[in-house]
Amino acid sequence: MVLHVIAACVLAALAGYLLGSLLFGVLVSKAMFNEDVRTHGSGNAGMTNVLRTYGKLPAVFTIIGDVGKSVAAASLGRLLFASLIGNDALLAPVCGAYLAAIFCMIGHSRPLYFGFKGGKCVLVGAGAALSISPIVCGVLLLVFLIQFAFSRIVSLGSIMVAALFPVATLIYWLVCGANVPTVIFNTLCCVIMATMVIWLHRSNIERLKNGTEYRFGSKK
């Protein structure tokens, strides 16, 4: 059983990383404009930079791709755990979804196929949350939209949602009646995911402190 757990963890992590390394911001910009979005704006491969640089349609394609890959990673991680260690183990199959989501985010921020320079993982984390626990995702989306309506600052909403993600996840799985190892594992995974998002936004945090962070819709 221990070997099965190790194998499930390794395969879920590998699948998540390889899927996460597909940078749809770069793929879309190369396909539509024959250039790399990372050479513009913030230098990131995420949706926000695509939107600022190229407009709405490329940003929509980026959203679909980045969310889709994280949903695929989480689903594959869940399937691997279910098939290799079963549904009655201490760690429920959903733990594989969270583990794959972490490595999908790592792949997105440090992509194997694109010189280890990627994006800030917000959409990838959101896609994973949507796949694993739609209720948690819905609550966090509401928080993001309310904040954004007042501040018009994407990064601030992303940081707030990341900070709330582990708390919302802990409450969700406790209410669902998951066993203690599953609750602990899932919550720790969400802490790691949240820490990654906040760390990758450290430059944004500095601009927020200085009052110079970009407000959506304002001129640069």
What's the number of the only condition in (1) within 21 Å of the chain's Cα centre (by Cα); (2) open to solvent by less than 70 Å² (accessible area, probe 1.4 Å); (3) touching a residue at least 60 places away in the same chain (Cβ under 8 Å) that VAL37 fails to meet?
(3)
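If you take the residues in the stretch 10-20 that are open to solvent by 40 Å² or more (accessible area, probe 1.4 Å) and in contact (Cβ under 8 Å) with a residue 24 or more places away in the chain, which one is farthest from the chain's Cα centre (by Cα)? Reasoning before the result, please.
Narrowing the stretch 10-20 to residues open to solvent by 40 Å² or more (accessible area, probe 1.4 Å): 10-11, 14, 17-19.
Filter again for in contact (Cβ under 8 Å) with a residue 24 or more places away in the chain, leaving 11, 14, 17-19.
On the way: LEU11: 19, LEU14: 16, TYR17: 12, LEU18: 14, LEU19: 12 Å.
The selected residue is LEU11.
Being under 20 Å from ALA194 (Cα atoms) and among the aliphatic types (A, V, I, L, M) narrows it down to one residue among VAL71, VAL60; which is it?
Working: VAL60 fails: under 20 Å from ALA194 (Cα atoms).
After ruling out the rest, the residue left standing is VAL71.
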Report the residue count in the stretch 164-185 for those that are closer than 26 Å to ASP88 by Cβ and in contact with a Leu (Cβ under 8 Å, 6 or more places away or on another chain).
5
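Scan the stretch 40-62 residue by residue and report those that are among the small types (Gly, Ala, Ser) and surrounded by fewer than 18 Cβ atoms within 10 Å (Cβ to Cβ).
Filtering the stretch 40-62 for residues among the small types (Gly, Ala, Ser) gives 41-43, 45-46, 55, 59.
GLY41, GLY43, GLY55, listed by residue number.
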Quick one: which of LEU156, LEU170 is more than 23 Å from CYS9 (Cβ to Cβ), in a helix (DSSP H, G or I), touching a residue at least 12 places away in the same chain (Cβ under 8 Å) and open to solvent by 50 Å² or more (accessible area, probe 1.4 Å)?
LEU156
I'd like the residue in the stretch 21-34 that is polar (S, T, N, Q) and surrounded by fewer than 22 Cβ atoms within 10 Å (Cβ to Cβ) and, out of all such residues, is nearest to the chain's Cα centre (by Cα).
SER21
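Which is at pLDDT 95 or above and within 23 Å of GLY68 (Cα to Cα), of GLY115, GLY107, GLY127? Before you say what the answer is, go through the steps one by one.
Values: GLY115 fails: at pLDDT 95 or above; GLY127 fails: at pLDDT 95 or above.
Criteria check complete, one pass: GLY107.
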Restricting the search to the stretch 189-215, which residues are exposed (fewer than 14 other Cβ atoms within 10 Å of the Cβ) and either of a type in the set (A, V, I, L, M, F, W, C) or over 30 Å from LEU51 (Cβ atoms) (or both)?
TRP199
Just the residues that are open to solvent by 10 Å² or more (accessible area, probe 1.4 Å) and part of a loop (DSSP other than H, G, I, E, B), please, taken from the stretch 119-151.
LYS120
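The values are calculated or read from the model by the stated rules, or taken from the named source; none is laboratory data. Values in this document were obtained by computation on a predicted structure and should not be read as measured data. No Cβ is skipped: glycine too gets one built from the backbone with ideal geometry, and neighbour counts run over all protein chains shown. To get the accessible areas, we keep the full protein, side chains included, count just its heavy atoms, and leave off ligands, DNA and RNA. Shrake-Rupley method; radii C 1.70, N 1.55, O 1.52, S 1.80 Å.
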